[in-house]
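First comes the structure, then the notes that go with it.
The values are calculated or read from the model by the stated rules, or taken from the named source; none is laboratory data. Keep in mind it's a predicted model, so treat the numbers as computed, not measured. We place every Cβ from the backbone using ideal geometry, glycine too, and count neighbours over all the protein chains shown. The accessibility values were calculated without ligands, DNA or RNA, using every heavy atom of the protein model including side chains. Shrake-Rupley method; radii C 1.70, N 1.55, O 1.52, S 1.80 Å.
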Amino acid sequence: MPIHLRAEPSDYAPAVLVPGDPKRATYIAEHHFDPGARLVNSERGMLGYTGTYRGAPISVQSVGMGGASAAIYYTELTHLLGARRLIRGCTAGGLAPSLRMGDTGVAMSATADDPMVAILTDGEAHAPTATWGLVELAARLGRERDVRTHVGPIVTSAIFYDRREGIMARWRDRGHVAVEMEAAVLYTLAAVHGFEALAIMTVSDLIASETDTERIDDAELQRGVDQMMQIACDVAIVEL
């Protein structure tokens, strides 16, 4: 039995949604899964549930904030508990000028502004990249549902309150869609351990600079997250 997920392999479905927030994990289980999802982990307050979605097995497990925390749960879910597909449903700061509050982003790749990736690859160069079939499906579902969906590279930052002057503008100028804190570690571990991975996100902030940001209101955020999680759940259960 793993140290941080006090569960057996049979407790988790092959596909697991991996939000950061334990409360969001509970919300997903209660509002997006079929009725009857069961709690399978509560160790350290990191809640996990298993149930079904449209009749297919699915789990959700909160993983905390930042690469160091998330890497523990990604590794235990896949390497020790048998999950084969992890879908990160999250919020992110929007960088691209075309973004609007509540839009959905699909991370094709994740630039690693986080030393965790170099640690995981023993310092060797690596480009953290999503599973292409999952990217393609998420983008198609977004288009079919008239969801404003943006596909492209994002940045995974190791620090939330970044003091480096001009860093957001430089990331934007190099074509990054958004910034968050876990996807590059997820994609790197997927390459290391051989599982499928995708990060899909709701734009919760529009970032002009390190000190100039606009935050979404709570109601609009909930609508955006529900819209994004519907796509995430559909992607999670599909057979590629």
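Restricting attention to segment 120-178 and to residues that are of a type in the set (Asp, Glu) and open to solvent by 40 Å² or more (accessible area, probe 1.4 Å), the residue that is nearest to Ala96 (Cα to Cα) turns out to be Asp173. For segment 29-42, indicate whether the set of residues that are in a helix (DSSP H, G or I), in contact with a helix residue (DSSP H, G or I) (Cβ under 8 Å, 6 or more places away or on another chain) and either within 18 Å of Ser157 (Cα to Cα) or of a type in the set (Gly, Ala, Ser) (or both) is non-empty. No.
For (1) hydroxyl-bearing (Ser, Thr, Tyr); (2) at pLDDT 95 or above; (3) open to solvent by 20 Å² or more (accessible area, probe 1.4 Å), each residue gets a yes or a no:
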{"site": "Ala29", "(1), (2), (3)": "no, yes, no"}
{"site": "Met46", "(1), (2), (3)": "no, yes, yes"}
{"site": "Tyr49", "(1), (2), (3)": "yes, yes, yes"}
{"site": "Ala70", "(1), (2), (3)": "no, yes, no"}
{"site": "Leu77", "(1), (2), (3)": "no, yes, no"}
{"site": "Gly93", "(1), (2), (3)": "no, yes, no"}
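On the given criteria, is Val40 surrounded by 20 or more Cβ atoms within 10 Å (Cβ to Cβ) and either within 25 Å of Leu134 (Cα to Cα) or charged (D, E, K, R) (or both)? Considered against the rule, which asks whether it is surrounded by 20 or more Cβ atoms within 10 Å (Cβ to Cβ) and either within 25 Å of Leu134 (Cα to Cα) or charged (D, E, K, R) (or both), Val40 comes out as no. When we screen Ser109, Ser98 for residues that are assigned to a loop (DSSP other than H, G, I, E, B), surrounded by fewer than 24 Cβ atoms within 10 Å (Cβ to Cβ) and among the small types (Gly, Ala, Ser), the only hit is Ser98. Figure legend. Inter-residue proximity from segment 28-49: first residues under 16 Å from Ala83 (Cβ atoms), second residues charged (D, E, K, R), beta-carbon distance below 7 Å, spacing 6+ or different chains. Indicated pairs: Val40/Asp11; Asn41/Arg6; Tyr49/Arg38.
Taking the criterion of being closer than 22 Å to Leu198 by Cα and part of a loop (DSSP other than H, G, I, E, B), the residues of segment 1-28 that qualify are Leu5, Tyr12, Ala13, Pro14, Val18, Pro19, Gly20, Asp21. Please work out if Val179 is under 13 Å from the mean Cα position of the chain (by Cα), at pLDDT 95 or above and either of a type outside the set (A, V, I, L, M) or closer than 19 Å to Ala127 by Cβ (or both). Yes: the conditions hold for Val179. Scanning segment 193-233 for residues that are touching a Leu at 6+ places or on another chain (Cβ under 6 Å) and either surrounded by fewer than 19 Cβ atoms within 10 Å (Cβ to Cβ) or in a loop (DSSP other than H, G, I, E, B) (or both) turns up just one, Glu214.
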